[in-house]
Every structure is written in structure tokens, then in C-alpha cells.
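Inspection log for the structure reproduced underneath, given as C-alpha cells.
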Amino acid sequence: MERVIVARVHGSTHHESVVRWARQEATRRGLALRVVHDRQPDDLDDAQLVATGARDPDGVLFPACPVVLVPEVPAAHPSARPDAEIVLGIDAREPAQAAVDFAFDTARMRGARLRAVHAWRFPCCAAELPFAVPEEDRATWEDHEVQLLADALRPWREKHSDVHVLEDVRLLPPARALSRRSASAGLVVVGRSSEREQGPTLRALLAEALCPVAVVPV
């Protein structure tokens with residue numbers, strides 16, 4: 001069966017941005033484009049990728065393939081540049097393999113840099129300190145997070161040596177760390193668990209992101 005890119009037009013959600021993004025992605029991947037209305041599961045069986053509006057309340061939940069949620073942006077938005085940076089949200093302790101694969105493949109296909117963002121927070125013991133976290137302790141903890149990210153990415157960097165990877169460790173909540181990078185990114189990539197509801201991090205990211213967000217089932 002021929003694999004296709006599906007643009008899902010949902011209710012009153014902006015159509016132009018979704019279809020435009022899906023058309024560009026279909027051209028990049030050499031696939032056909034199909035436009036469907038609302039929820040039509042039978043039309044998604046052969047989908048390699050589904051694009052839908054960022055305000056589509058349940059568009060991310062039903063397909064078994066990656067879903068890209070597209071905000072309403074003008075055609076000249078930085079995310080439209082073919083070489084705009086791909087941003088990967090990664091938990092260095094438990095990398096979502098499917099999401100990492102998708103991000104590397106997309107960066108390679110577009111000839112774009114991949115920024116791997118690992119968000120972290122202070123360990124529980126920091127809350128027990130009677131004073132601010134000493135800079136020495138912060139530096140030690142951050143160095144550990146940097147090493148975790150480097151170790152997590154090593155297999156993919158070896159497999160995709162032609163992809164330029166920037167490792168980015170941030171002491172921020174994950175959604176905020178990713179949304180800050182979305183202003184000039186071509187795509188933000190995150191993983192999704194098998195749960196039927198969006199988690200708080202994904203909801204916050206979709207509310208704040210300024211570029212399309214690819215949600216990859218893991």
C-alpha cells in the first residue's frame with residue numbers, strides 16, 4: 001500500500017497552515033498528500049505522517065504514526081525555512097527511541113541542524129538546603145546531566161554522522177525549554193506514551209510552541 005502524508009482538517013481549525021505544511025513535507029519525502037475532514041480513521045491506515053491543527057483537541061491521540069500539530073503561522077514564518085533547526089525534546093535517562101529516530105531522520109532529510117534539548121531540575125536534596133544552592137553543587141549536577149545526554153545520544157550520533165547535533169541541557173521545565181527554542185525552529189519533536197490523554201507537559205508545549213510540533217508514539 002502506498003504510504004502518504006495526511007492533512008487532517010478539523011472543524012473550524014485553521015486549514016491553510018496545516019495543508020501548506022503537509023504539502024511541503026509530502027514534497028520533501030516524495031509522498032502523496034491526502035486531505036481528510038475531521039476523524040476518519042479508515043483514511044489513516046496508510047499514513048506515514050498526519051498533520052493537523054495545533055488546536056485540534058484530540059488529533060494527537062488516535063493515529064499510530066507521528067502526528068504534527070501545526071500552529072497558525074504566516075507562510076514567511078522561520079519554521080518554513082527548509083534548513084530551520086530541528087529541536088528534539090529528550091529525557092536523557094529514558095530516551096524515547098522512536099522520537100529520537102524521527103528527529104534524526106528529519107534533520108538528515110532537511111539538511112538541518114538537530115538541537116537535542118534535555119531539561120533537568122535540582123535533586124530532591126536541594127530543597128532541604130537552608131540556603132541557596134551553592135554554585136559548586138549546581139555545576140556538579142549540571143555536568144552530570146550533560147554527560148547523561150552525551151551518553152544517551154552516542155548511538156544515534158554514530159549512526160547519523162552526517163547530522164550536525166547540538167546538545168542543549170537546560171535547568172527549566174521541559175515545555176518551557178522547548179517552547180523557547182520553537183521561535184526559530186522548523187519543528188519540535190517529542191515522544192508520546194500509549195496513554196489516551198495528553199500529559200501536562202505536552203499540553204503546555206502545544207499551548208506555547210511557535211512552530212509545528214511532531215508527537216511520535218513510543
## Note on the structure
Restricted to region 170-218 and to residues being in a strand (DSSP E or B) and in contact with a Leu (Cβ under 6 Å, 6 or more places away or on another chain), the residue farthest from R108 (Cα to Cα) is V213
### Task
Could you identify the single residue in R108, R93 that is in a helix (DSSP H, G or I), modelled with pLDDT of 80 or more and open to solvent by 80 Å² or more (accessible area, probe 1.4 Å)?
R108
### Message
Would you confirm whether or not region 119-135 contains a residue that is open to solvent by less than 40 Å² (accessible area, probe 1.4 Å), within 23 Å of R108 (Cβ to Cβ) and at pLDDT 90 or above?
### Response
no
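The values are calculated or read from the model by the stated rules, or taken from the named source; none is laboratory data. Quick caveat: nothing in here was measured; it's all calculated off a predicted structure. Virtual Cβ from ideal backbone geometry, glycine too; neighbours counted across all protein chains shown. Just so you know, the surface numbers come from the protein's heavy atoms only, side chains and all, with ligands and any DNA or RNA stripped out. Shrake-Rupley method; radii C 1.70, N 1.55, O 1.52, S 1.80 Å.
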